[in-house]
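Okay, structure first, notes after.
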Amino acid sequence: MKTFAALFIASFILSYVLTPLMAKLSQARGWVDHPSEERKIHEKPTPTLGGIPLFFAIIIPLCILSYWPNAQGDLVREQFLPLSGLLIGILMMLALGIYDDRKGAGHRLKFIVQILAAVVIYYMGFQIETISLPFGLHLDLWYFALPFTILWVVGITNAVNLIDGIDGLAAGVSLFATGAIFVVSIIFERSFTSAIALAMGGALLGFLRYNFYPAKIFMGDSGSLVIGFMISAIGIRGSYKGATMVALLIPILALGVPIMDTLLAIGRRLWARKPVFSGDRDHIHHRLIERGLSQSKAALLLYGLTAFFGVMAFLITLGNSEEIALILLAFGIVSVVVIQRLGYFGRGNGKK
């Protein structure tokens, strides 16, 4: 446990030190996000490429741990192939994100790279092959294992990417979601997943010092794609008791806010006959700000909602089939109430 604590502290310190350096470098080189687009709500040019310090703050401690001569280091070394595959996938996401932050990447390129990264980790140990459903039912995916894994990785990655709309939101929500995954992985002795979640948690916490309102640096796609990709991956590796579906429910519930926001975005754009990938200012965080909340209060409110969903994710690991069904019902009711209170069922739905 001391080794895991050192891992978290090391990631936090690296992120805390490297992030302001990256902000200064971005400012000096003109790598800033200008408030030129209608859907952007920041008021002045802000340094971007926050994913670079996040990447180093996560990877460096994990690499050091893999060489550490103790039981935790041994456990990580035993997972050399999955860790190598994850590193390759992360590098692909980081490169894609940097290119998008600097030049702008089209949706086709984004999906191609994300799919390729998902294929890489699939063949290196991150596979969804069997889904265990409630009430003792099991479904072997067989030839659909690869497509389902790709859908999972691409879906979770983009859910985190889409919610990165106000200062500190994506980083904070991801921090709470990662915390929920860490707690569950510790309980069920998934040391590999625990180590990755801890490194992510420390890096995100250090980054939030500079990303919370008023942000001194943005996470950018270089950060949101990396974090979303990693959450999708550890969600797969976090399975326990052979119950893959229950394992996947943990990140689904913990990431309830960005997933809800993504589904709403797709639904309203299809309803309005707009391109699914078009941008708008009708996300959940935009709705909260329109109702008078500041960026910081909107972020804190969504942190609280994410924490509540994280508790639900934890309770799922302790329940039987009937209790899991009740928890999912409660999750659905809360989600519907939130959507209704935000006006998505009213006249404001689908507004331009």
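The values are calculated or read from the model by the stated rules, or taken from the named source; none is laboratory data. Note that the structure is a prediction, hence the values are computed from the model and not measured. Positions of Cβ are backbone-derived with ideal geometry, glycine not excepted, and every protein chain shown enters the neighbour counts.
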Subset of region 181-226 that is without any contact (Cβ under 8 Å) to a residue 40 or more places away in the chain and more than 25 Å from residue 91 (Cβ to Cβ) - its residue that is nearest to the chain's Cα centre (by Cα) = 186
Would you mind finding the one in 59, 98 that is assigned to a helix (DSSP H, G or I), among the aliphatic types (A, V, I, L, M) and either more than 18 Å from residue 126 (Cβ to Cβ) or at pLDDT below 95 (or both)?
-> 98
When restricted to 81, 109, 14, 87, the only residue part of a helix (DSSP H, G or I), of a type outside the set (Gly, Ala, Ser), free of Cβ contacts under 8 Å to residues at least 60 places away in the same chain and more than 19 Å from residue 233 (Cα to Cα) is 109
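Quick check: is even one residue across region 164-180 in a loop (DSSP other than H, G, I, E, B), touching a residue at least 24 places away in the same chain (Cβ under 8 Å), touching a strand residue (DSSP E or B) at 6+ places or on another chain (Cβ under 7 Å) and buried (at least 24 other Cβ atoms within 10 Å of the Cβ)? Write out each step before concluding.
We begin by selecting, within region 164-180, every residue in a loop (DSSP other than H, G, I, E, B); these are 164-168.
Of the ones still in play, those that are also touching a residue at least 24 places away in the same chain (Cβ under 8 Å) are 164-168.
When the remaining residues are screened for being touching a strand residue (DSSP E or B) at 6+ places or on another chain (Cβ under 7 Å), the result is none.
No; the residues of region 164-180 include none that is in a loop (DSSP other than H, G, I, E, B), touching a residue at least 24 places away in the same chain (Cβ under 8 Å), touching a strand residue (DSSP E or B) at 6+ places or on another chain (Cβ under 7 Å) and buried (at least 24 other Cβ atoms within 10 Å of the Cβ).
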Identify the residue in region 159-208 that is touching a Gly at 6+ places or on another chain (Cβ under 7 Å) and polar (S, T, N, Q) and, among all such residues, is nearest to residue 63 (Cα to Cα).
-> 193
Which condition number in (1) modelled with pLDDT under 90; (2) under 25 Å from residue 85 (Cα atoms); (3) in contact with a Phe, Trp or Tyr (Cβ under 9 Å, 6 or more places away or on another chain) is the one that residue 244 fails?
-> (3)
State whether the residues of region 84-104 include one that is crowded, with 22+ Cβ neighbours inside 10 Å, of a type in the set (Asp, Glu) and in contact with a Gly (Cβ under 8 Å, 6 or more places away or on another chain).
-> yes
Filter region 263-314 down to residues that are in a helix (DSSP H, G or I), charged (D, E, K, R) and free of Cβ contacts under 8 Å to residues at least 24 places away in the same chain and give me whichever is farthest from residue 169 (Cα to Cα).
-> 269
Restricting attention to region 64-78, the residues that are of a type outside the set (A, V, I, L, M), touching a residue at least 60 places away in the same chain (Cβ under 8 Å), part of a helix (DSSP H, G or I) and surrounded by fewer than 19 Cβ atoms within 10 Å (Cβ to Cβ) number exactly 1
Only one of 35, 45 that is more than 27 Å from residue 159 (Cβ to Cβ), more than 23 Å from the chain's Cα centre (by Cα) and of a type outside the set (D, E, K, R) = 45
Which condition does residue 174 not pass, out of (1) farther than 26 Å from residue 204 by Cβ; (2) among the polar types (S, T, N, Q); (3) within 15 Å of the chain's Cα centre (by Cα), if it passes all the others?
-> (1)
